[in-house]
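Peer 1: So that we are looking at the same thing, I have put the structure below in structure tokens.
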Amino acid sequence: MSGGFSSGRAPFLAVYAWLVYAFLYLPIIVLVVYSFSGSGVGGFPPASWTLEWYRQLFADGALWDAVLNSLIVAAFAVGIALGLGLPAALALDRANFPGKALFRRLVLLPLILPGIITGLSLLMLFVAAGLKLSLVTVTLGHGTALISVATTEIFAGLQKLERAQEEASLDLGASPWGTFWRITLPNLRISLLAAGLLIFTLSLDEIAVSFFLIGRDNTLPLEIWSRLRRGITPEINAISTLMLLFSIFTILIWYHLRTRTQRGEENLPDVLAATTGESA
């Protein structure tokens, strides 16, 4: 009975899955196709193909200045978020202190706050502190808003971390600081990489916080948004296609590093056994 019921549902679930995939990825495919359309935006499928929009894109200095600004902001935001998120995750996992439960909830709060609330509150803070709005304030805003992402990712990695290596290091006379640098931090590299890539991507995509904290220099999302108010242009499709390729490239790098690390962890018992046999 259960097997027949499951097989009867299989075609429906397959069709449903394909509809979900189409809903998610068909607009992206259309965007990429339009970036090569000779007739610009409109008329599907395109009647002709061209690389003219990419030539115009590479000649657009203002747009590439916005790309550079976004990359700089995202890179520094990763440093700020990881630099503050790592100690927070260690405190949540390793330390017991009064108000720990409240601290955990406060760390996670930016994840559920609307971006407009975060951006407006940071704007009021920077104005009260006398800071001039610029890429510096945008960077501080992104790094602050994304600390929760770093904390949750690293905390999850700490929960999976095998403590035996740390205990062995301490038993052999290593200091807690030395154990952290030589044992804990290397074992967290996948969590740190995952958090860094996620923070970098979210920073590149952030528009609500950037809108409140931006000065004279635009980031890429704000530059695209300002141009879209005048209508969709094929240049926007071209830069979006390049961003898509960049995202796929970073995902492939992360997947390769994760697979290689997992393969090394699976082979670790064999290497230890062989080393022990040679020592004996």
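Peer 1: Every residue in segment 155-184 that is farther than 23 Å from residue 81 by Cβ, assigned to a helix (DSSP H, G or I) and open to solvent by 30 Å² or more (accessible area, probe 1.4 Å), please. Before the answer, list the steps.
Peer 2: At the first step, the residues of segment 155-184 found to be farther than 23 Å from residue 81 by Cβ are 162-176, 178-179, 182-183.
Right, trim to assigned to a helix (DSSP H, G or I) and you get 164-171, 176, 178-179, 182-183.
Those that are farther than 23 Å from residue 81 by Cβ, assigned to a helix (DSSP H, G or I) and open to solvent by 30 Å² or more (accessible area, probe 1.4 Å): 164, 165, 167, 168, 170, 171, 176, 182, 183.
Peer 1: With the requirement that a residue be in a helix (DSSP H, G or I) and open to solvent by 60 Å² or more (accessible area, probe 1.4 Å), what does segment 81-104 give you? It would help to see each step written out before you state the result.
Peer 2: Residues of segment 81-104 in a helix (DSSP H, G or I): 81-94, 100-104.
Selection gives 84, 87, 94, 102, 103, 104.
Peer 1: Next question, about the same structure. If you check residue 116 against the conditions, is it open to solvent by 90 Å² or more (accessible area, probe 1.4 Å), within 30 Å of residue 221 (Cβ to Cβ) and under 27 Å from the mean Cα position of the chain (by Cα)?
Peer 2: Values: open to solvent by 90 Å² or more (accessible area, probe 1.4 Å): yes; within 30 Å of residue 221 (Cβ to Cβ): yes; under 27 Å from the mean Cα position of the chain (by Cα): yes.
When the stated conditions are applied, residue 116 passes them.
Peer 1: Looking only at segment 54-62, decide whether some residue is of a type in the set (Lys, Arg), open to solvent by 80 Å² or more (accessible area, probe 1.4 Å), under 30 Å from the mean Cα position of the chain (by Cα) and at pLDDT 85 or above. Give the steps one after another, and end with the answer.
Peer 2: We begin by selecting, within segment 54-62, every residue of a type in the set (Lys, Arg); these are 55.
Subsequent filtering for residues that are open to solvent by 80 Å² or more (accessible area, probe 1.4 Å) retains 55.
From what is left, the residues that are under 30 Å from the mean Cα position of the chain (by Cα) are 55.
The next check asks that each one be at pLDDT 85 or above; those that pass are 55.
For segment 54-62, residues of a type in the set (Lys, Arg), open to solvent by 80 Å² or more (accessible area, probe 1.4 Å), under 30 Å from the mean Cα position of the chain (by Cα) and at pLDDT 85 or above: present.
Peer 1: Additional query: Run down 246, 200 and say which single residue is open to solvent by 30 Å² or more (accessible area, probe 1.4 Å) and at pLDDT 90 or above. Even if it seems obvious, please write down each step before you answer.
Peer 2: Values: 246 fails: at pLDDT 90 or above.
Just one listed residue meets the conditions, 200.
Peer 1: Looking at 183, 154, can you tell me which residue is under 16 Å from the mean Cα position of the chain (by Cα) and over 30 Å from residue 239 (Cα atoms)? Break it down into steps so the answer makes sense when it comes.
Peer 2: Numbers: 183 fails: under 16 Å from the mean Cα position of the chain (by Cα).
Step by step, each of 183, 154 is checked, and only 154 is under 16 Å from the mean Cα position of the chain (by Cα) and over 30 Å from residue 239 (Cα atoms).
Peer 1: Please work out if residue 26 is open to solvent by 50 Å² or more (accessible area, probe 1.4 Å), of a type outside the set (Asp, Glu), assigned to a helix (DSSP H, G or I) and modelled with pLDDT under 90. Write out each step before concluding.
Peer 2: Numbers: open to solvent by 50 Å² or more (accessible area, probe 1.4 Å): yes; of a type outside the set (Asp, Glu): yes; assigned to a helix (DSSP H, G or I): yes; modelled with pLDDT under 90: yes.
Criteria met by residue 26.
Peer 1: Which of the residues that make up segment 178-227 are among the β-branched types (Val, Ile, Thr) and closer than 27 Å to residue 120 by Cβ? Even if it seems obvious, please write down each step before you answer.
Peer 2: If we filter segment 178-227 for residues that are among the β-branched types (Val, Ile, Thr), which is where we start, we get 179, 183-184, 190, 199, 201, 207, 209, 214, 219, 224.
Scanning segment 178-227 gives 199, 201, 207, 209, 214, 219, 224.
Peer 1: Right, next: State the number of residues belonging to segment 109-126 that are touching a residue at least 24 places away in the same chain (Cβ under 8 Å) and part of a helix (DSSP H, G or I).
Peer 2: Of segment 109-126, the ones touching a residue at least 24 places away in the same chain (Cβ under 8 Å) are 109-111, 114-116, 118-120, 122-123, 126.
So of that shortlist, the ones also part of a helix (DSSP H, G or I) come out as 109-111, 115-116, 118-120, 122-123, 126.
Total meeting the criteria: 11.
Peer 1: Working only within segment 81-99, note down all residues that are out of contact with any Phe, Trp or Tyr (no Cβ under 9 Å at 6 or more places or on another chain) and more than 23 Å from residue 162 (Cβ to Cβ). It would help to see each step written out before you state the result.
Peer 2: First pass over segment 81-99, keeping only residues out of contact with any Phe, Trp or Tyr (no Cβ under 9 Å at 6 or more places or on another chain): 81-84, 86-87, 94-96, 98-99.
Scanning segment 81-99 gives 81, 83, 84, 98, 99.
Peer 1: For segment 127-138, name all the residues that are open to solvent by 20 Å² or more (accessible area, probe 1.4 Å), part of a helix (DSSP H, G or I) and touching a residue at least 60 places away in the same chain (Cβ under 8 Å). First the steps, then the outcome.
Peer 2: Of segment 127-138, the ones open to solvent by 20 Å² or more (accessible area, probe 1.4 Å) are 127-136.
Checking which are part of a helix (DSSP H, G or I) leaves us with 127-129, 135-136.
Once the filter is applied, which keeps residues that are open to solvent by 20 Å² or more (accessible area, probe 1.4 Å), part of a helix (DSSP H, G or I) and touching a residue at least 60 places away in the same chain (Cβ under 8 Å), segment 127-138 yields only 135.
Peer 1: Say we look at segment 29-52 and pick out the residues that are within 20 Å of residue 248 (Cβ to Cβ) and in contact (Cβ under 8 Å) with a residue 40 or more places away in the chain; which of these is least open to solvent (accessible area, probe 1.4 Å)?
Peer 2: 35
Peer 1: Tell me which residues, restricted to segment 162-203, are out of contact with any helix residue (DSSP H, G or I) (no Cβ under 6 Å at 6 or more places or on another chain), over 30 Å from residue 219 (Cα atoms) and among the charged types (D, E, K, R).
Peer 2: 162, 163, 167, 171, 182
The values are calculated or read from the model by the stated rules, or taken from the named source; none is laboratory data. Values in this document were obtained by computation on a predicted structure and should not be read as measured data. Virtual Cβ from ideal backbone geometry, glycine too; neighbours counted across all protein chains shown. For the accessible areas, the whole protein counts, side chains as well, though only heavy atoms, and no ligand, DNA or RNA atoms are used. Shrake-Rupley method; radii C 1.70, N 1.55, O 1.52, S 1.80 Å.
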